[in-house]
Amino acid sequence: MADREETASVAIAFATPRPIARRRGSYWGEVWRKLRRRPGALVGATILGIIVLAAIFAPWVAPYNPDTGSILSRLKPFGYRGHLLGADELGRDMLSRLIYGGRVSLLMGVVPVICATIIGGGFGIAAGFGGRLANTIIMRVMDVFYAFPSVLLAVAITGAMGGGVLDGMIALTLVFIPPMCRVTETATAQVSGLDFIEAARSSGAGGLAIVRYHVIGNVLGPVLVYASSLVSVSILLSAGLSFLGLSVHPPTADWGLMLSTLMQSVYVVPWVCALPGAAIFITSVSFSLLSDGLRAAMNVRG
Amino acid sequence: MSNVLRRVLLALPIALGVSVVCFAVVDIAPGDPLETVVPPDATAATIAAIKHAYGFDRPIIVQYFIWLGHVFEGQLGTSISTGRPVALEVGEAIANTFRLVVLAVPAALLVGYAMGVAAARFPGRLLDQIVSGGAVVGISLPNYWVGVMLVILFAVQWSLLPATGMGQLSAGAFGIFAWADLRFMILPAISLALIPTGIIARSTRAAVLDLLSHDFVLTLRANGLSEGAITRHVLRNALAQVIAVIGLQFGYLMGGSILVETVFSWPGSGFLLGRAIQNRDVPLLQGTVLVLAMIFVATNLAVDLVQATIDPRLRRG
């Protein structure tokens with residue numbers, strides 16, 4: 001109590017209304033605590049955790065080999081002779097293929113977003129901080145790519161390049177760069193107008209140093225939240241590309257590809273055919289739930 | 001009027017940029033575009049002559065402007081796989097896609113708008129929770145999988161509607177009013193409408209909730225207007241935002257229906273794109289992408305203009 005009175009005058013001088021005792025842990029610690037209190041985010045994270053772990057440890061989790069089938073068990077319904085989720089058109093175990101399929105599908109959903117975040121984020125910071133000319137050039141080029149519906153752009157680029165997992169990832173990266181760039185540009189422009197940037201500049205910090213120490217840290221929140229919401233879209237689009245036969249080639253297990261091959265058997269085992277799409281949907285929803293929680297926990301608007 | 005002109009002028013460079021990207025599509029395609037034309041035993045002189053005939057020996061910028069000139073004349077080249085003019089192929093396919101979209105968008109608007117308004121009028125109630133929660137789920141819903149599920153339910157389990165195809169087209173170009181044609185369109189149209197419905201519902205809800213908190217609503221209420229009359233005022237104001245969303249969704253559906261069209265074997269623009277890729281038909285791919293992207297640009301422009309007409313505040317924007 002005594003030293004509280006002593007510091008009272010200092011406290012008034014700095015005008016800090018917030019009690020110091022409430023500040024515990026870092027910013028990310030705070031985010032994590034808020035995230036844990038949101039049921040939607042928890043559900044999303046739990047489901048994703050299970051899917052990711054199953055995909056990583058697929059050889060130990062999957063009951064059968066995903067690539068070898070038996071002619072005797074072709075197109076069988078749920079629960080047929082130990083095939084919990086049935087078997088596909090080559091008699092391969094559906095559960096095992098779904099577990100293995102998560103590997104390619106998750107990779108194709110996440111990698112383009114990471115690449116686009118780095119590239120698009122870089123362009124966005126350059127546009128938001130690099131002056132008028134840089135802004136005009138970068139943002140007008142991005143506007144052109146905005147003029148394509150995302151599905152059309154992804155399909156056209158993958159198709160023109162010939163198709164394949166790598167082509168699909170490059171195409172999706174190109175699709176996500178413009179929106180990523182726009183979000184980063186907006187956030188950067190907001191931060192650059194703040195007083196502490198002016199203070200840093202007037203005390204002699206160079207442009208790169210300001211970006212490195214002041215801008216990146218401050219735009220990271222909205223950029224990461226937006227990137228996490230893009231993963232959900234990316235899962236859908238990449239699965240869509242392999243559904244069209246543009247990225248993953250058989251016999252690799254992939255949800256989109258499985259959905260497209262099983263569609264021919266929709267009259268034989270309808271509900272088995274619905275499974276790969278359900279996997280795509282559940283993964284995508286989980287990412288969006290997690291992203292929504294993150295948005296709320298990090299207090300990002302928009 | 002100057003406002004209209006300014007927006008059109010702003011859209012022009014974008015349209016030009018789009019044409020550059022479409023032109024570049026040929027360049028990123030692997031292999032020589034002349035591979036199919038040049039005989040394997042051709043001499044260097046023959047190859048040079050063929051290259052000259054196709055204009056491939058000129059600088060890439062000159063090639064682009066020659067190509068652009070043809071586009072303005074409505075010539076998109078000839079499809080390699082069918083030998084028919086690309087413009088004809090694209091025109092037919094886009095008409096088919098339009099038949100679906102013209103069914104899907106009004107349905108999405110009607111259902112989505114009604115849901116959004118109802119959710120905003122009774123915030124926190126069951127419907128509001130469904131609309132808000134449904135938005136998260138709806139955005140993550142792969143519409144091609146919804147198509148498969150609809151086929152499983154309506155075609156396989158209950159045998160109510162045909163699973164794929166377009167039927168005989170007995171009633172001409174727009175057979176929406178003939179059941180024989182319409183029944184082929186219901187399932188693909190529902191698959192296409194689902195995501196726009198969710199998005200329209202969510203943005204209507206947000207727009208109406210935002211407007212209800214404005215001072216003019218308080219004034220209306222203080223003047224003794226009934227809730228119904230207040231809602232009418234709010235709805236007119238919300239319409240501008242909702243129209244923007246609808247326009248964007250219309251453009252997305254015209255260009256992004258490839259997955260749903262593949263599920264239902266619907267011979268639209270997306271299906272054509274798939275065929276172009278399958279057959280490595282570069283002129284067809286280029287033409288289809290160009291026309292679809294231009295439709296998207298034109299839709300966005302139209303949305304801007306309509307919005308400015310409805311909401312005078314946006315005119316200066």
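The values are calculated or read from the model by the stated rules, or taken from the named source; none is laboratory data. Note that the coordinates shown come from a computational prediction; the quantities given were computed from them, not determined experimentally. With ideal geometry, Cβ positions are generated from the backbone for all residues, glycine too; neighbour counts draw on all protein chains shown.
For the reader, a short list of remarks on this structure follows.
- Number of the condition not met by B:ASN237 [criteria: (1) within 30 Å of B:VAL146 (Cα to Cα); (2) part of a helix (DSSP H, G or I); (3) more than 19 Å from the chain's Cα centre (by Cα)]: (1)
- Positions within segment A:239-254 being facing chain B (nearest Cβ under 7 Å) and either part of a helix (DSSP H, G or I) or in contact with a Cys (Cβ under 8 Å, 6 or more places away or on another chain) (or both), in sequence order: A:ALA239, A:GLY240, A:PHE243
- Segment A:138-167 - residue that is at the interface with another protein chain (Cβ under 7 Å from one of its Cβ atoms) and farther than 21 Å from B:ILE295 by Cα and, of those, modelled with the highest pLDDT: A:MET161
- In the set (1) assigned to a helix (DSSP H, G or I); (2) of a type outside the set (Asp, Glu); (3) surrounded by 16 or more Cβ atoms within 10 Å (Cβ to Cβ); (4) within 14 Å of another protein chain (Cβ to nearest Cβ), the condition left unmet by A:THR184 is number (4).
- For B:ARG205, the stated conditions do not hold, so it cannot be described as surrounded by fewer than 18 Cβ atoms within 10 Å (Cβ to Cβ) and more than 14 Å from every other protein chain (Cβ to nearest Cβ).
- Each residue in segment B:261-277 was checked for being assigned to a helix (DSSP H, G or I) and either more than 10 Å from every other protein chain (Cβ to nearest Cβ) or at pLDDT below 80 (or both), and 4 pass.
- Unique match (being among the hydrophobic types (A, V, I, L, M, F, W, C), in contact with a Leu (Cβ under 7 Å, 6 or more places away or on another chain) and more than 18 Å from A:ILE99 (Cβ to Cβ)) among A:LEU48, A:LEU35: A:LEU35
- Odd one out for A:GLY277, checked against (1) within 12 Å of another protein chain (Cβ to nearest Cβ); (2) touching a Gly at 6+ places or on another chain (Cβ under 8 Å): (2)
- Lone unmet requirement of (1) surrounded by fewer than 22 Cβ atoms within 10 Å (Cβ to Cβ); (2) at pLDDT 75 or above; (3) within 13 Å of chain A (Cβ to nearest Cβ) for B:TRP145: (1)
- Once segment A:257-274 is narrowed to residues that are touching a residue at least 40 places away in the same chain (Cβ under 8 Å) and surrounded by fewer than 22 Cβ atoms within 10 Å (Cβ to Cβ), the residue that is nearest to the other protein chains (Cβ to nearest Cβ) is A:TRP271.
- Residue check, B:GLY112 assigned to a helix (DSSP H, G or I) and touching a Pro at 6+ places or on another chain (Cβ under 8 Å): yes
- First in segment B:251-266 and closer than 22 Å to A:SER265 by Cβ, second anywhere and surrounded by fewer than 24 Cβ atoms within 10 Å (Cβ to Cβ) and at pLDDT 85 or above, Cβ under 6 Å, 6 or more apart: none
- Among helices (runs of 4 or more DSSP H) entirely within segment A:72-161, having at least 2 residues that are buried (at least 19 other Cβ atoms within 10 Å of the Cβ), more than 18 Å from the chain's Cα centre (by Cα) and in contact (Cβ under 8 Å) with a residue 60 or more places away in the chain singles out A:94-129, A:150-161.
- Subset of segment A:262-283 (residues that are in a helix (DSSP H, G or I) and aromatic (Phe, Trp, Tyr)): A:TRP271, A:PHE281
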